[in-house]
Amino acid sequence: MTSTPLTTQPAVLTIAGSDSSGGAGIQADLKTFAAHGCYGTSAITALTAQNTTGVQDVLPSPPEFVQKQVTSVLSDINIQAIKTGMLFDANNTRAAISALKVHFFSKPSDVTQNIPPLVCDPVCVSTSGHTLLDSSAIDVIIKELFPIATLITPNKAEAELILSHRQSSPATSKPLRSIENLEGMLLAAEALLRSGPKAVLLKGGHLTVSPEDVRIAAADHPDLQVVRDEITPHGDNMEILQTSTTAGMQLVVDILHETSDDGQLRTTIFCRPRIESTSTHGTGCTLSAAIAAELALGSNLTKAVRRAVQYTYLGILTANPAIGHGHGPLNHFHSMGAVLVPKITPTNPYPLTTLLIRRSASVWKAYVEHDFVKLLGKGTLPEKHFLHFIKQDYLYLKYYARAYALLAAKSHSFPAIDSATQIVLSVLREINTHTTFCASFGITEDELRRTPESPATAAYGGYLIDVGLKGDTTLLMMALLACLLGYGEVGLWLKKNVKTGDDGWVIMQGNPYLRWIEDYTGERYQHAVKLGLETIEARAAADPPSPNRFAEWYAVWERCTELEKGFWDMAMNLS
């Protein structure tokens, strides 16, 4: 009987030095390969005695042995990507390059596509600025390794050193020695590409860049692609998740400059918030290894870099600062834990809600940007539709208050009981406001009480009570969130689109529904939204859900979002 073979892990080769403390070099590379589901192999160019506080000694591998290691791996294993790190000196650099050329090129000058993606991390300068390679080794890297590289990944100091070693430049280009700002990075990336590689990723960890710098660069370079991962805004219809953290934010910006398949030059900048952390040992090694792993897995270069940048960023963000007494290592295995809800961070304080909204993006958008809301914002919603809605909303609030009463009954601490009770009291106050508001449209309190429930109201209200009776407090909170957060998002969406001059479409002056809009854009309601966000996020962080539990949470969230949309549908159809 023949069994179906398991999918083979793509094999990746790192040619680099060894870090005895495990945070950089081949140790970081192999951990990164494993975290990406790749099989890691290595050729060691030098042994180091080092820890998180520094390097105490280095013992180089003989050049002949470096070449034998590379040849041994390539002759036996189908390598899908290669990464080079610290090559130590000119002789070891030549030995590594010679082994690659002998294996992949029929002639030393035959630069073909036989070689797999090669990522060159030109480790020339330490974090403290110390030169790690002599000038002859740098020349070998530039003249012999760059021309066969898919990508080079220098940092600021390495880029400056490489550019200073270039013997000739096109007559039209200015010599570049120092990189001081984002515009300087763009010029340097262009100059580095002319040194021979297919693409350049210039890392900006040693430069401070602001969001305004990025905005100016994007305006000055219309073809520039800007990727703002880990920076708000989170996406469409997520105004409630915005925070003030972007004000005065300092960014780290990496620049990818490449020649596309059609021969056109393309530049992408990857932005993320700067992290104040001492857990940065091996960051460059990790990033280049992650890119190599992504390329081995079949990603194109832009996608590989984007995913590798995110992986490295989260590795710093989730690192254990207690390892060592200096600059500690990243958390290379952050992506391998069974964590469904990301960790709360300064730039993503609401990870659970972000995940819920992203997964339900289509129905959430249909709910927030419903025709009922659009017509209401324009002030053109026929009054009969609004009156039908407002009557049913009065009846729905009875269910909503009862559901929060159930939440209070099921809570096990006085603060939780108090929180749910305060919301019940808030709903009771809202009923009085509701009654007064309805009176302004000629609807009496008696008429409100005698209004029969629509099927949409009964279905939604009945579902809330059912979840409240059968589920625990977290599941009930999930059912109640769609209403609380949705109306908050609707309010901010309308506020964002208020007509000013030629922009916007929401009419405030003379809008018959102005008071309704002001209620949900107002500080009191938006404060309640923030409180709801913080409560559910704290609960998820304190008791992270299992896959089955999260599926249950999401099913309730999605169903209530659909029921909220159904409530608008009911108002438009007068059903």
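The values are calculated or read from the model by the stated rules, or taken from the named source; none is laboratory data. Worth saying up front: this structure is predicted, and the values here are computed from it rather than measured. Backbone-built Cβ (ideal geometry, glycine too); neighbour counts: all protein chains shown. These accessible areas exclude ligands, DNA and RNA; they are computed on the full protein's heavy atoms, side chains included. Shrake-Rupley method; radii C 1.70, N 1.55, O 1.52, S 1.80 Å.
Values as computed for the structure displayed
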{"read-out": "Karplus-derived HN-Hα couplings along segment 390-400 (A = 6.51, B = -1.76, C = 1.60, θ = phi - 60°), whole Hz, x at Gly and Pro", "value": "5, 5, 5, 5, 4, 5, 5, 4, 4, 4, 4"}
{"read-out": "Sites excluded, GluC sites (Glu not before Pro) in DSSP loops with at most 10 other C-beta within 10 Å, longest stretch of the chain", "value": "277-575"}
{"read-out": "Distant-in-sequence amide H partners of I152 (H built 1.01 Å from N, under 5 Å)", "value": "C120, A199, V200, L201"}
{"read-out": "Nearby aspartates and glutamates by direct alpha-carbon distance to K398 (threshold 18 angstrom, same-chain neighbours under 8 apart not counted)", "value": "E430, E445, D446, E447, E453, D466, E564"}
{"read-out": "Shape box of the chain [Cα atoms, principal axes, largest first, Å]", "value": "95, 60, 53"}
{"read-out": "Average accessible surface area per residue within the chain, 1.4 Å rolling probe, Å²", "value": "46 Å²"}
{"read-out": "FRET efficiency, Q242 to K398 (Cβ-Cβ, R0 35 Å, nearest 0.05)", "value": "0.60"}
{"read-out": "Only Lys, Arg (+1) and Asp, Glu (-1) charged, at Cβ; segment 238-359 dipole about Cα centre in debye", "value": "300 debye"}
{"read-out": "HN-Hα J in Hz across segment 480-492 - Karplus 6.51, -1.76, 1.60, θ = phi - 60°, x for Gly and Pro", "value": "7, 5, 4, 6, 4, 6, x, 5, x, 5, 4, x, 6"}
{"read-out": "Summed residue charge, Cβ within 12 Å of L30's Cβ, Lys/Arg positive, Asp/Glu negative", "value": "0"}
{"read-out": "Eligible lysines near K378 by straight Cα distance, threshold 16 Å, same-chain separation 8 or greater", "value": "K495, K496, K499"}
{"read-out": "Label-point separation, L59 to D418 (7 Å along Cα→Cβ), nm", "value": "6.4 nm"}
{"read-out": "Carbon plus sulfur fraction of accessible area for the chain, probe 1.4 Å, in percent", "value": "54 percent"}
